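Undergrad: Take a look at this one; I'll ask things after.
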Ligand SMILES: [Zn+2]
């Protein structure tokens, strides 16, 4: 608790700051230049703001959304038109809208809990001698007005107020800056100040020392102060009072003057609590009754709470969310046109990067150790996350002749998709962005995070999962299919999702092959090394090399010999479908070019995102190295033979000990591998 004089003195010393919410939020994000990075997403250069990637629950992906939010806040901070607008996130349920806004609020609370950025307000005290306030002796600014706002409004004469500020040592320029962010006092502060002036004969010194204290604004997620949320209710009971407050009968009993605006209890509503430089989050804005939406629209534009012609100015960042259906229902009603002028709408797509999806899927699976209904611990198949992530992302990608689902999946994750270019994907996204219907745009349909959650629940409820105490990845597809049957109502969409789910199963099968090969080689990195061997051979070899030439290559910091194995190179290239000298040379040139570009940037780059190459190398190795045992699949399927049984046991134990499988999923994965159709 301090006096206004003391606060202003400290403000001049730089212990506090006077900024509006947009400046605050903008500074919070951009303050540290090290936390802004330039990146490329889906072929477009953009920025990544690392503050959102920190903490225990970082935002995953959502690059466009974050960029759009930052530019909105920045424009508002620089007095652009955004400052009279709300930022509205529209998208399919379960794509992370609420999570993002919650994160912004959490970061903001952290930011304001620093000493220098802490928010202060003021309250009137010792009101009893005035005799018109009954038992109300202390009254806090209902809308948490900043002490500087009070200082700028002490006298009706602005020149006097500027002189007052100047007496603390603020320069004319600083005072101009304060006034650039001027707001009048709220109705009740203004009224009470006048009362106190009358009582003291307008003795400013006495008013400031005996009647006004400066106090910190409490920060609390649960209190709804500084950051607050309003969840739309369909209930009849919801009313404007939820937002702006209402007359308080109790206060009316105390106040002698029934015209005193303090008779309105503003803090009964959610907006006053965030009016002092806070963030208001309206969840499902358009689900509110029309009269509430009207109040919102008024508040957004005028930046003030209004009750019976009394006004309380606000300094609030308003962020809202809405699902697509509610939003489109709302705008189809022509009378609601003002919404466009007052809201900056951002359409939030689902995540379409399967690598990032792996992080989101991990959250959906749950990070804690899972247990069965009988309390035994439940194992997670190491391929489960991959199987689920690729499957759901595939359903989110559009159907297009230029790229097949698999190519789109890879390009969207920044990987290589044969000779298909990222520019093609960017072109498709651009074209789709012109569609009127939002859900036809890129990433706006498919199984969302909630659908994924349901699929996982279904998966956990399988008797097999419970009995065998393991979440076997091979069962993920059945559960995803169940989700598609149960929750995708559009026939055409359903058919398409089921089709791409088969692509997902194909990817899973390929992954199993590399896993089995790694197990066979007793090395979790076996395939990676083989792929790099191929690449290295291509990079160092040239036509003058004779057969069996040995070259030296670098691996990490070491040099090691590498024998150029023509049979291996030819075998891999045959499996890549390169049957002429020309196509082979073309492919090799491409590999060399990628090597030159990527490996110089990142010495750890290992070509493992080149799925086609990985697949060809795996298949070649599986069919040659293991040929001693006939075919591996054949051998494994026929464990009666002593040799075969040994092989099976060896793979089994490597999978258990080195590759994170349990008894159940190791056995099932091997069985899955041996199924005739999975070896095509
Ligand atoms: Zn397992």
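The values are calculated or read from the model by the stated rules, or taken from the named source; none is laboratory data. Keep in mind it's a predicted model, so treat the numbers as computed, not measured. FYI the Cβ positions are ideal-geometry reconstructions off the backbone, even for glycines, and counts take in every protein chain you see.
Undergrad: Hey, can you tell me all the residues within the stretch 66-78 that are surrounded by fewer than 22 Cβ atoms within 10 Å (Cβ to Cβ) and touching a residue at least 40 places away in the same chain (Cβ under 8 Å)?
TA: Once the filter is applied, which keeps residues that are surrounded by fewer than 22 Cβ atoms within 10 Å (Cβ to Cβ) and touching a residue at least 40 places away in the same chain (Cβ under 8 Å), the stretch 66-78 yields 68, 70, 74, 77.
Undergrad: Name the single residue, out of those in the stretch 432-456 being part of a loop (DSSP other than H, G, I, E, B) and in contact with a helix residue (DSSP H, G or I) (Cβ under 6 Å, 6 or more places away or on another chain), that is farthest from the ligand (Cβ to nearest atom).
TA: Here the residue is 441.
Undergrad: Another one. If we only count helices (runs of 4 or more DSSP H) wholly inside the stretch 124-219, which ones have 1 or more residues that are within 19 Å of residue 2 (Cα to Cα)?
TA: 147-152, 158-166, 187-200
Undergrad: Assuming residue 434 fulfils every condition listed in (1) surrounded by fewer than 17 Cβ atoms within 10 Å (Cβ to Cβ); (2) more than 30 Å from residue 530 (Cβ to Cβ); (3) modelled with pLDDT under 90 apart from one, which condition is it?
TA: (3)
Undergrad: Is one or more of the residues making up the stretch 381-404 touching a strand residue (DSSP E or B) at 6+ places or on another chain (Cβ under 6 Å) and within 16 Å of the ligand (Cβ to nearest atom)?
TA: Yes, that holds for at least one residue.
Undergrad: Restricting the search to the stretch 580-607, which residues are closer than 27 Å to residue 558 by Cβ and free of Cβ contacts under 8 Å to residues at least 12 places away in the same chain? Before the answer, list the steps.
TA: Here is the first cut: in the stretch 580-607, the ones closer than 27 Å to residue 558 by Cβ are 588, 591-607.
Result: 593, 596, 597, 598, 599, 600, 601, 602, 604, 605.
Residues are listed down the side, and each one gets a yes or a no for (1) more than 16 Å from the ligand (Cβ to nearest atom); (2) more than 23 Å from residue 470 (Cα to Cα); (3) in the same structural domain as residue 578 (by TED's automatic domain parsing); (4) at pLDDT below 75:
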residue	(1), (2), (3), (4)
614	yes, yes, no, no
627	yes, yes, no, yes
636	yes, no, no, yes
644	yes, yes, no, no
653	no, no, no, no
661	no, no, no, no
664	no, no, no, no
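Undergrad: Kindly indicate whether any position in the stretch 457-475 is more than 26 Å from the chain's Cα centre (by Cα), more than 16 Å from the ligand (Cβ to nearest atom) and either closer than 17 Å to residue 385 by Cα or outside any helix (DSSP H, G or I) (or both).
TA: Taking every residue of the stretch 457-475 in turn, none turns out to be more than 26 Å from the chain's Cα centre (by Cα), more than 16 Å from the ligand (Cβ to nearest atom) and either closer than 17 Å to residue 385 by Cα or outside any helix (DSSP H, G or I) (or both).
Undergrad: Which numbered condition trips up residue 457, out of (1) modelled with pLDDT of 90 or more; (2) surrounded by 15 or more Cβ atoms within 10 Å (Cβ to Cβ)?
TA: Just one mismatch for residue 457, condition (2).
Undergrad: Among 401, 415, which is the only one that is touching a residue at least 12 places away in the same chain (Cβ under 8 Å) and in a loop (DSSP other than H, G, I, E, B)? Walk me through it before giving the result.
TA: Working: 401 fails: touching a residue at least 12 places away in the same chain (Cβ under 8 Å).
Within the list 401, 415, the selection yields 415.
Undergrad: Can you find even one residue in the stretch 445-459 that is at positive phi and not assigned by TED's automatic domain parsing to the domain that holds residue 90?
TA: Scanning the stretch 445-459 turns up at least one residue that is at positive phi and not assigned by TED's automatic domain parsing to the domain that holds residue 90.
Undergrad: A further question on this structure: State whether the residues of the stretch 266-286 include one that is modelled with pLDDT under 90 and surrounded by 14 or more Cβ atoms within 10 Å (Cβ to Cβ).
TA: The answer is yes; a qualifying residue exists.
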